[in-house]
Structures are given as structure tokens and as C-alpha cells.
Amino acid sequence: MSDISFHDLSSIDADQRAGLLKRAEADLTVFVEKVRPIIQAVKDEGDAALIRFAKELDKANVAEGGLQVSEREFDAAFDKVETDVVESIQFGIDNIRHFHEEQKPETMWLKEVRPGAYAGDRYTPIASVALYVPRGKGAFPSVTMMTSVPAVIAGVPQIAIVTPPTSDGSVDAATLVAARLAGVGTVYKCGGAQAVAAVAYGTETVRPALKIVGPGSPWVVAAKSVLSSVINTGLPAGPSEAIIFADDSVDGGLAALDLLIEAEHGPDSSAFLVTHSRKVAEAALAALPEHWSRMTEQRVEFSRAVLTGKRGGIVLTPSLEDSYRFINDYAPEHLEILSKEPFAHLGHITEAAEILMGPHTPVTLANFVLGPNAVLPTSRWARTYGPLSVTDFVKRSSVGYVTSAAYPELALHARRLARYEGFSSHENAVSEIRDRYLAV
């Protein structure tokens, strides 16, 4: 297993360490230049461009007038998906709904900041949102579940899913099942940069949206970057990434098992086992062949590409403190703490979008059925963003109300500050001029 990337932090320099922190979308320059003509074509040609790109880029035949999934296609999806899978989708949606219902803010709150003076917030749903569900390296009904449920709970009146079509011009059946069970009835057959452009500008079929959320390839990330002044592109969610942190209380074979979870998403993923225990590291290396023997050929190919490349493998640190430091510098999308005492480590880790505690909480559970959202910030954005939530689908307005009794004191102090900052109209608005109008 010598081909697996093994990084001993005690023997690499600062530049090499910095290189380990880079993600697939770190440099989008090439992708940005490639997506610009795609975006312009969709803006100029609408549906015709989407149908053409479906054929050219997705190798899918989408019929003219068939960009939106029909009710008949929704109904047929339930016949195509096995009953036990439908049951598991419903199980996951139930847990995701229970979790996200607790996040929903109250419609409005007001606090009396001074006697008779009230200030607070009001929350209202965003009018229209697009949910991006990727397709390129597999089918992801789980992403449909994670994006649809909080949007529905938030009360967004116009919700649409955009997802790449399959070769016959259809949409993955389980994705349609998840959409309907979550409460979303609009699905468009388009993916990649062209889908982002479609919901940004609108086409004859695709209704424009104010915001788009959901993970995607560097093509999608680049398109979001280009269109960020046209549509709110939400939290940065690119190719999958994970750190499996293991102390010396767990078997390295278990760490290797979980290391492959996100690595199998595709060769643009990032996945590291971080440990200060050479015994754990060597056991993980030894266990990988057996784990690979139980995976499909494509997923072995994807995960092997990650673990033998620059964005994956094993990181051996000199100490626990160095492990914590590397994890915080990396700020991973997914973090597992594999330890018999995971809470002993939790207080040392501040930069991770998702933290899964202990040997019974693999990323798999969180990706599908645990409840917290699995659409997470990537590329170190966990330092400033959190997971997708109900609050991503609402907007906040400040609310203020001042009674006649409270007004004079507030006006006095505001007038002084307005005069100091040189804003005469501000000052006049809380001066004796206003008093005369209020006296009438």
C-alpha cells in the first residue's frame, strides 16, 4: 500500500503543509473561463441552450418541451424505486424534518430596550429558491432531502429542483420520490453551469429564483461565482471533503473504513485520516485493501485516486495538539472524531462544519438519516459558514416601535450623534421641527 499518500507532519515544511489544505476548487480560473460561454448561451437562447447542453455535456436526450418533470414522471418514479428504499427515504425525511423544525425562528420578536421603545426581528421566507441536486458521479436523493425539507419548513412559496438528466432524458427516480415526499413538486432537467444560469436568468420553462443552494462540481461552483451578482449563491458547497480524526483508542481499520466514505464521491474529493498514532496509521493502511475488495469498481477507482493524490491519504502528526491544529487549519466539511472518549477532543476543535462523535456516528448516518443538514461549506469556508439550515431560506427584517413616552430620550441622544457626524437632515428629523408636527 506504499502508493497511499502518507504525510508525516514532523518531516514536511510549511509549504508542503499548506499544500495539504488545498481543495479541488481552490483555483477556479480555468472553470470560470469555460462556464462564461455556457452562461451567456443560456441567457440568450433559453430552453434551446439547455436542451443542447444536456446532449453535449450530460449525454442526455431531453425532448423539446420536456425540461420540467411531469406529474406522470413523478407518479412513475414510485413504481421504479423499491419499497424499502422509499421507506428509508421517508425515515430520513422524518428525522431531517424533526431536526429542522427546531431551527425555525419565531415569526417576530420584540424586546423593550427602553421603557416604551421596542426593537426586534421579523422573519419571512425568501420568495423563490432553486435547489441544486448533483448527478455526475451518482444519484443523490439525500441531497434532495437535505435541501427540500428546510426550504419547505421555512415556507418558501416557490421551490424548484434543478438536476442533470440521465441519458434517456429522465430524472433519477429516487430523487423524484424524495422531492415529492419532502413537499417539492417542481423539478427541472438541467445541471452544471447551465442550470445555475437558468435559475439566475430564467428561460421559457425554468422560472428564475432569488437564491440557489446545494453542492456541486467545480463547474457549478464557478458558475455560482460568475453569477453571484445576479442570484444569491448561498453557502460555498463544492466537492466532498472529510477528515477522520482517530486517537489511539480505536482500531485503525475502522478509521480506514470511514476514510473511504467521502473519498468515494469522486476524484475531486478530499479525504484525510489524521492521527498522532503510528499504530493507527499503519493499521489503516493495512485495512484498505480488504475494504476496497467489498466496494464497486468505480468507487474503488474514485477513492484510490483521492487517497493516492495530493488531496487525500494519511496525516501522521507529532502530537494530539498538532492533530487539533491541522484540523482547525483545514476546516473540513465533515469531521469524525473516532475515539472512545470523543468529548475529550471536542473542545479543542473549532473549525469544522460537521462534527460526528464516536465510533457509532459515521458520516454515512449524517449524510442520510441522522437529521442535521449534510449540505455543508467546503474549501475552508467552515471558518465562517455553518451547515444549510432553515435560516438559509428566510430573510430577517429589523422591527422598531417607539411610543410617544419613549421618544424624547431617544431623540435627544440621536440628535447629538447626528450633529457630531455632520448629518443635518438626520438632526432635523429628531428636532423641534418634528415636535411641531407631532403636536398637531
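Some values worked out for this structure:
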quantity: Single match in Ala242, Ala284, Ala271 (criterion: touching a strand residue (DSSP E or B) at 6+ places or on another chain (Cβ under 6 Å) and farther than 18 Å from Pro377 by Cβ); calculated: Ala284
quantity: Yes/no for Leu338 being open to solvent by less than 50 Å² (accessible area, probe 1.4 Å) and under 18 Å from Pro239 (Cα atoms); calculated: no
quantity: Given (1) modelled with pLDDT of 95 or more; (2) closer than 30 Å to Ala271 by Cα; (3) within 19 Å of the chain's Cα centre (by Cα); (4) surrounded by fewer than 24 Cβ atoms within 10 Å (Cβ to Cβ), number of the condition Ile231 does not satisfy; calculated: (2)
quantity: Leading residue by the ranking (farthest from Met146 (Cα to Cα)) among those in region 213-242 that are in contact with a Phe, Trp or Tyr (Cβ under 8 Å, 6 or more places away or on another chain) and assigned to a loop (DSSP other than H, G, I, E, B); calculated: Val230
quantity: Lone qualifier among Ala41, Ala60 - being modelled with pLDDT under 95 and open to solvent by less than 40 Å² (accessible area, probe 1.4 Å); calculated: Ala60
quantity: Any hit, region 274-293, residues being open to solvent by less than 10 Å² (accessible area, probe 1.4 Å), modelled with pLDDT of 95 or more and under 26 Å from the mean Cα position of the chain (by Cα); calculated: yes
quantity: In region 230-286, the residues that are charged (D, E, K, R), touching a residue at least 60 places away in the same chain (Cβ under 8 Å) and out of contact with any Lys or Arg (no Cβ under 7 Å at 6 or more places or on another chain); calculated: Asp247, Asp258, Glu262, Asp268
quantity: Close pairs from region 73-88: first over 16 Å from Ser142 (Cα atoms) and at pLDDT 95 or above, partner open to solvent by 70 Å² or more (accessible area, probe 1.4 Å) and part of a helix (DSSP H, G or I), Cβ under 7 Å, at least 6 apart; calculated: Phe74/Arg180
quantity: Residue, surrounded by the fewest Cβ atoms within 10 Å (Cβ to Cβ), within region 210-228, restricted to residues that are small (Gly, Ala, Ser) and under 15 Å from Gly191 (Cα atoms); calculated: Ser217
quantity: Residues within region 243-266 that are open to solvent by 10 Å² or more (accessible area, probe 1.4 Å) and in a loop (DSSP other than H, G, I, E, B), tallied; calculated: 7
quantity: Test set (1) of a type outside the set (A, V, I, L, M); (2) closer than 30 Å to Gly202 by Cα; (3) in a helix (DSSP H, G or I); (4) touching a helix residue (DSSP H, G or I) at 6+ places or on another chain (Cβ under 9 Å) - Asp79 fails condition number; calculated: (2)
quantity: Odd one out for Tyr401, checked against (1) open to solvent by 20 Å² or more (accessible area, probe 1.4 Å); (2) touching a residue at least 40 places away in the same chain (Cβ under 8 Å); (3) under 30 Å from Asp248 (Cα atoms); calculated: (3)
quantity: Top-ranked residue in region 72-121 [being open to solvent by 80 Å² or more (accessible area, probe 1.4 Å) and touching a strand residue (DSSP E or B) at 6+ places or on another chain (Cβ under 7 Å); ranked as nearest to Leu365 (Cα to Cα)]; calculated: Thr107
quantity: Residue within region 347-360 that is open to solvent by 70 Å² or more (accessible area, probe 1.4 Å), in contact with a Phe, Trp or Tyr (Cβ under 6 Å, 6 or more places away or on another chain), without any contact (Cβ under 8 Å) to a residue 40 or more places away in the chain and more than 23 Å from Ile153 (Cα to Cα) present; calculated: yes
quantity: Residue that is least open to solvent (accessible area, probe 1.4 Å), among those in region 183-209 that are over 21 Å from the mean Cα position of the chain (by Cα) and within 21 Å of Ser229 (Cα to Cα); calculated: Val206
quantity: Pairs, first open to solvent by 60 Å² or more (accessible area, probe 1.4 Å) in region 7-20, second among the polar types (S, T, N, Q), C-beta under 9 Å, six or more apart; calculated: Ser10/Thr317
quantity: Region 30-57 residues that are under 17 Å from Leu227 (Cα atoms), paired with ones that are of a type in the set (Asp, Glu) (beta carbon under 6 Å, 6 or more apart); calculated: Gly46/Glu204
quantity: Of all residues making up region 415-437, the number that are open to solvent by 90 Å² or more (accessible area, probe 1.4 Å) and either under 45 Å from the mean Cα position of the chain (by Cα) or not hydroxyl-bearing (Ser, Thr, Tyr) (or both); calculated: 10
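Every residue, every condition in (1) in contact with a Phe, Trp or Tyr (Cβ under 9 Å, 6 or more places away or on another chain); (2) part of a helix (DSSP H, G or I); (3) of a type outside the set (A, V, I, L, M, F, W, C), yes or no:
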{"residue": "Ala18", "(1), (2), (3)": "no, yes, no"}
{"residue": "Ala24", "(1), (2), (3)": "no, no, no"}
{"residue": "Phe31", "(1), (2), (3)": "yes, yes, no"}
{"residue": "Pro37", "(1), (2), (3)": "no, yes, yes"}
{"residue": "Gln40", "(1), (2), (3)": "no, yes, yes"}
{"residue": "Asp44", "(1), (2), (3)": "no, yes, yes"}
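The values are calculated or read from the model by the stated rules, or taken from the named source; none is laboratory data. A quick note: this is a predicted structure, and the numbers were derived from the prediction, not measured. Cβ sites come from the backbone with ideal geometry, for glycine too, and all protein chains shown count toward neighbours. Areas reflect the complete protein model, heavy atoms only, side chains present, ligands, DNA and RNA absent. Shrake-Rupley method; radii C 1.70, N 1.55, O 1.52, S 1.80 Å.
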